[in-house]
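Report on the following structure.
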Ligand SMILES: Cc1cc2nc3c(=O)[nH]c(=O)nc-3n(C[C@H](O)[C@H](O)[C@H](O)COP(=O)(O)OP(=O)(O)OC[C@H]3O[C@@H](n4cnc5c(N)ncnc54)[C@H](O)[C@@H]3O)c2cc1C
C-alpha cells in the first residue's frame with residue numbers, strides 16, 4: 001500500500017524543517033569529560049570511555065562500585081549539561097562476574113537439554129539481562145531456550161531474539177500504534193537506539209488535533225531536539241477566573257510554557273521518528289492485535305505484521321489502550337479559533353482559565369500565532385449541550401457573539417468502558433464542525 005509514498009512524504013518534511021546546526025566537536029567534549037574523570041578521586045583509577053554521538057554521551061568501561069558509576073555520570077553531565085543525555089553503560093566488576101557465570105550455566109543447560117542441544121544459540125548477558133540470538137528449527141526450541149534461561153540464578157530478564165527457521169514472522173522489534181506525541185517520541189527514541197520500529201497512524205499526516213497546544217517549559221525540555229521554530233507564543237502567566245468574574249493572575253518573569261499548533265508539532269515529531277529510522281505508515285488503522293508464543297500480531301484491514309513489543313500510543317479512546325481496561329470519565333466540549341482583535345488589553349503571553357464555566361471542567365483561551373484557541377469542556381454526564389456551554393462561556397468572558405467565530409471543533413472523549421456519540425456521525429475522540 002501507500003506506506004513508501006507516505007514515508008517519502010515525511011522525508012520531504014523532515015528535510016524542510018532541518019535547521020543549519022554547527023555540530024560541536026565531539027572529540028573536544030569527550031576529552032573534556034576524560035579530564036574530569038581523571039581528576040576525580042572516585043573515577044580516576046578506572047578506564048572509562050566516553051563516546052558522544054548525536055545528543056547522547058555513552059559511558060563504557062568497568063568500575064568497582066555503584067558510587068563510582070554514579071560519580072562518572074554526574075561528572076559527564078557537568079560537562080555536557082542537562083540537555084544532552086548520558087547513557088551510563090558502565091559495568092560493575094561483580095556484575096561482569098555474575099554475567100559470565102550466567103552465560104556459562106545457560107550454555108551448559110542448552111547443550112544438555114534434549115530440546116535445545118541441536119540448536120545453535122548464542123547467549124549474552126548484561127547485568128542479568130540475557131539475550132538469546134540465532135536460528136532454531138522449531139518454536140519449541142525457541143520456547144525451551146527461554147524457559148531454561150529464566151531458571152538460571154541471577155537472571156533478571158530474557159530477551160528472546162531467536163528466529164525460527166522458515167518462519168517469516170517477527171518483522172519488527174516494536175510496533176507503535178498512534179503517532180501523537182507519545183507514539184512519535186517512543187518511535188524516535190527506540191529507532192535511534194537501533195531497534196526496528198514500525199509506527200502506524202490511523203489519520204493521514206499531518207493530521208488535525210483538538211488541543212490547547214500549551215507545552216510547559218519542563219515538558220519542552222524533555223524533547224530531545226530543537227522545537228523553537230514550532231513556538232507560536234511564549235507564556236508568562238495564567239489568569240484564572242470564575243464565570244468571567246473574580247480574576248486572579250499568576251505571572252512570572254521567566255516563561256512557564258509555550259503554545260504550539262498540534263498539527264505542525266505532531267508532524268515534526270513524526271518526521272523526527274522517521275529520520276531516526278522508524279518506518280511510518282499513516283492512513284493505517286490498527287483493528288486487531290493478538291499475542292502468541294511471545295510474539296504480537298498486529299492487523300490493519302489489509303496488512304499484518306509481527307513484533308516483540310507493542311506500544312499502544314493510540315490516545316484515550318484507542319484500541320490498544322482500551323485493552324488495558326483502564327477507568328476513565330467521558331468529557332464533551334467545543335473549541336474555536338478567535339482571531340486577535342488587536343485591542344490594547346489583548347495579552348498574548350497569558351493563558352486564561354475559567355474554572356466556573358463547565359461542570360467538572362473548565363474554559364480556556366490560549367494565545368496562538370494569530371488567534372486565541374477558545375474552548376470549554378465538561379463531564380459528559382453533566383453537560384446537556386456542548387453548544388450551549390460554549391455560548392455561556394463566551395458570554396461570561398465578555399466576548400462579543402459576532403467575534404466569537406464558528407466553533408470549529410466539537411469533540412467528545414469517551415470513557416474507556418462507554419462510548420456515547422455526541423452527534424450521529426461524530427465518533428468519540430474525533431473532531432468535526434458541528435452540523
Ligand atoms: C480540548 C483539549 C485541549 C487540550 N489541551 C492541552 C494542552 O494545552 N496541553 C497539553 O499538554 N495537553 C492538552 N490536551 C491533552 C493532549 O491533547 C493529550 O494529552 C495528548 O494529545 C496525548 O498524546 P498521545 O500521543 O498520548 O495521544 P494522541 O495525541 O491522542 O494521539 C493518538 C494517535 O493515535 C492514533 N490512533 C488512534 N487509534 C488508532 C488505531 N487504531 N490505529 C492507528 N492509529 C490510531 C490517533 O489518530 C492519534 O493520532 C488537551 C486535550 C483536549 C481534548
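We did not get these values from a lab; they are worked out from the coordinates using the rules stated. These numbers were taken from a predicted model, which means no experiment stands behind them. Heads up, the Cβs are rebuilt from the backbone with ideal geometry, glycines too, and the neighbour counts pull from every protein chain shown.
General observations
- Residue match in segment 90-101 (condition: more than 30 Å from residue 52 (Cβ to Cβ) and touching a residue at least 12 places away in the same chain (Cβ under 8 Å)): yes
- Of the strands (runs of 3 or more DSSP E) lying entirely inside segment 210-253, those containing at least 3 residues that are within 16 Å of the ligand (Cβ to nearest atom) span 214-216, 233-235, 237-242.
- The set of residues in segment 145-172 that are farther than 30 Å from residue 92 by Cα and in contact (Cβ under 8 Å) with a residue 24 or more places away in the chain comprises 163, 164, 165, 167, 169, 170, 171, 172.
- Among (1) farther than 16 Å from residue 269 by Cβ; (2) assigned to a helix (DSSP H, G or I); (3) away from the ligand (no atom under 16 Å from the Cβ), the one test that residue 159 misses: (2)
- Selection status of residue 117, out of contact with any helix residue (DSSP H, G or I) (no Cβ under 9 Å at 6 or more places or on another chain) and either farther than 30 Å from residue 75 by Cα or surrounded by 15 or more Cβ atoms within 10 Å (Cβ to Cβ) (or both): no
- All conditions but one from (1) in a loop (DSSP other than H, G, I, E, B); (2) within 11 Å of the ligand (Cβ to nearest atom) apply to residue 270; the one that does not is (1).
- Filtering segment 168-209 to residues that are near the ligand (Cβ under 6 Å from one of its atoms) and in a helix (DSSP H, G or I) leaves 181, 182, 183.
- Of the strands (runs of 3 or more DSSP E) entirely within segment 51-146, those holding at least 2 residues that are within 28 Å of residue 293 (Cα to Cα) occupy 120-126, 129-136.
- Checklist (1) within 16 Å of the ligand (Cβ to nearest atom); (2) buried (at least 21 other Cβ atoms within 10 Å of the Cβ) applied to residue 141, failing item: (1)
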